[in-house]
Amino acid sequence: MSPATIAFVGVIVVAAIYCGMNPFNHGAMAGFPGFETYKVELAPATAVPSVVDSENRLTAAEVRFMDQVQGPESIAFDPSGGGPYTGVADGRVVVWDGEKWKDFAFTSPNRSAICDPKPSALSYVENEHICGRPLGLRFDKKTGDLYIADAYFGLLKVGPQGGLATSLTTETEGDPFKFTNDLDIDEEGNIYFTVSSNTYYRRNFLQSIFTGDPTGRLLKYNPVTKETTVLLHGLQFPNGVSLSKDGSFLVFCESSRNKLTRYWLKGEKAGTPELFAIVPGAPDNLRTNENGEFWVAIHCRRRVFTYFFAMYPKIRKFFLKLPIPTKLQYLIHTGGKLHALIMKYGPDGNLLKVLEDRQGKVVRAVSEVEEKDGKLWIGSVLMSYIAVYADGD
């Protein structure tokens, strides 16, 4: 055996030992030594919508408030049309008064100097559990109260004057919420909301997705009885939720499963779920417009790699144990770069429109789309601005 061959074999052996032992804890799951992986039922490629926006119309979006808002996940307007309001990475809910952003509400009673401005949205992740991380926002059109789904502080409410939000619910069935995500309100004031995981906190959302964690739930909060009820268990990263225009059903996203589910609230099917639509990537929030159509924010198109690992959790577990950093694992799943994708569905689940920025030139990522006066207000936990697109048919 030549010296070169011996050296090569030696490198392979050392690399294998290093990967097996991972002595420096470089892997994405290094902080979770007992983690498990679960099968994720993804639709085959033949069932996934193949339509694309060949014109990349989102590149025509207007970038607003550059570096003035970090990680604006959800965007809302109050009953009088004021706003926008958005939750940002440092734990505040802020409002645009026409000239500048002003503090409106807080979800954490423990804010301190560690919540002060930082260079990027990701800079706040370490202290989210202290500063708060408001995600889904919804106004009660009757009262003007703002309801907030905070990843760490659960479901909260704040009056039209703002201030420190009041906690409504933080647990159910004896289990504290670890990752509250989004919400919507019906005409009776009942609140439907998602908890993405009962295993991982928001700061570990990638680990929740990588493992296929099946502990997510869809819940209902009754403001009269103060009861919190679990409507569905066993969900894999449930995310956005939005009621139909007539209130007969809601639609919620499962990011890991790349699908939208309709949950019936009224009629003969009340209390039952059914498939609403398969989407070509990981959906985030969705919002209903005045016509009863659903705008769905999709993080990026799925890759063959994602489908393969979804179907084979044991192989995925082995791969996650390797000393591959979280960021690199994430880039493998996204195809190496961020690219925004928005889809509009009718109330019957039919696909109506696709908007993209496939190169990520203007809108690199999208968490939510809020339609107001013919314009789409686009926010993302990964962006430091809000994009506005004039949607013309």
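The values are calculated or read from the model by the stated rules, or taken from the named source; none is laboratory data. Because the structure is predicted, anything quoted here is derived from the model rather than measured. Counting neighbours? That spans all protein chains shown, and the Cβs are built from the backbone with ideal geometry, glycine included.
Filtered by the rule that a residue be closer than 23 Å to Tyr124 by Cα and part of a loop (DSSP other than H, G, I, E, B), region 177-234 gives Phe177, Lys178, Phe179, Ser196, Ser197, Asn198, Thr199, Tyr200, Tyr201.
I'm trying to understand the selection: among the residues of region 113-135, which are surrounded by fewer than 22 Cβ atoms within 10 Å (Cβ to Cβ) and either of a type in the set (D, E, K, R) or in a strand (DSSP E or B) (or both)?
Within region 113-135, Asp116, Lys118, Glu126, Glu128 meet the criteria.
In region 76-98, the residues that are within 22 Å of Gly132 (Cβ to Cβ) form Cβ pairs under 7 Å with partners that are at pLDDT below 95 and among the small types (Gly, Ala, Ser), at six or more places apart or across chains, as follows: Ala89/Ala121.
Taken over region 325-337, the criterion of being of a type outside the set (D, E, K, R) and either part of a helix (DSSP H, G or I) or buried (at least 19 other Cβ atoms within 10 Å of the Cβ) (or both) is satisfied by Thr326, Leu328, Gln329, Tyr330, Leu331, Ile332, His333, Thr334.
If you go through region 59-73 and keep only what is farther than 20 Å from Gly136 by Cα, part of a loop (DSSP other than H, G, I, E, B) and among the small types (Gly, Ala, Ser), you end up with just Ala61.
In region 62-78, of all residues being of a type in the set (Asp, Glu) and closer than 23 Å to Asp184 by Cα, the one that is surrounded by the fewest Cβ atoms within 10 Å (Cβ to Cβ) corresponds to Asp78. For region 103-139, the set of residues classified as among the charged types (D, E, K, R) and farther than 22 Å from Pro238 by Cα consists of Asp103, Arg111, Asp116, Lys118, Glu126, listed by residue number. The set of residues from region 263-280 being over 18 Å from the mean Cα position of the chain (by Cα) and crowded, with 16+ Cβ neighbours inside 10 Å comprises Tyr263, Trp264, Leu265, Pro273, Phe276. Can you find a residue in region 136-155 that is assigned to a loop (DSSP other than H, G, I, E, B), in contact with a strand residue (DSSP E or B) (Cβ under 9 Å, 6 or more places away or on another chain) and among the hydrophobic types (A, V, I, L, M, F, W, C)? Yes, there is a match, as at least one residue in region 136-155 is assigned to a loop (DSSP other than H, G, I, E, B), in contact with a strand residue (DSSP E or B) (Cβ under 9 Å, 6 or more places away or on another chain) and among the hydrophobic types (A, V, I, L, M, F, W, C). Any chance region 53-67 includes a residue that's of a type outside the set (Lys, Arg), more than 29 Å from Tyr345 (Cα to Cα) and out of contact with any Phe, Trp or Tyr (no Cβ under 6 Å at 6 or more places or on another chain)? Checked against the condition, which is being of a type outside the set (Lys, Arg), more than 29 Å from Tyr345 (Cα to Cα) and out of contact with any Phe, Trp or Tyr (no Cβ under 6 Å at 6 or more places or on another chain), region 53-67 yields at least one hit. Which of the residues spanning region 363-381 are surrounded by fewer than 18 Cβ atoms within 10 Å (Cβ to Cβ) and in contact (Cβ under 8 Å) with a residue 60 or more places away in the chain? Once the filter is applied, which keeps residues that are surrounded by fewer than 18 Cβ atoms within 10 Å (Cβ to Cβ) and in contact (Cβ under 8 Å) with a residue 60 or more places away in the chain, region 363-381 yields only Lys372. Looking at Gly189, Gly163, just one residue is surrounded by fewer than 19 Cβ atoms within 10 Å (Cβ to Cβ), modelled with pLDDT of 95 or more and closer than 17 Å to Tyr85 by Cβ, and that residue is Gly163.
Considering region 345-393 alone, what residues qualify as being in contact with a Lys or Arg (Cβ under 6 Å, 6 or more places away or on another chain) and not in a strand (DSSP E or B)? Scanning region 345-393 gives a single hit, Gly360. The residues of region 33-58 that are exposed (fewer than 10 other Cβ atoms within 10 Å of the Cβ) and assigned to a loop (DSSP other than H, G, I, E, B), listed by number, are Pro33, Gly34, Pro44, Ser50, Ser54.
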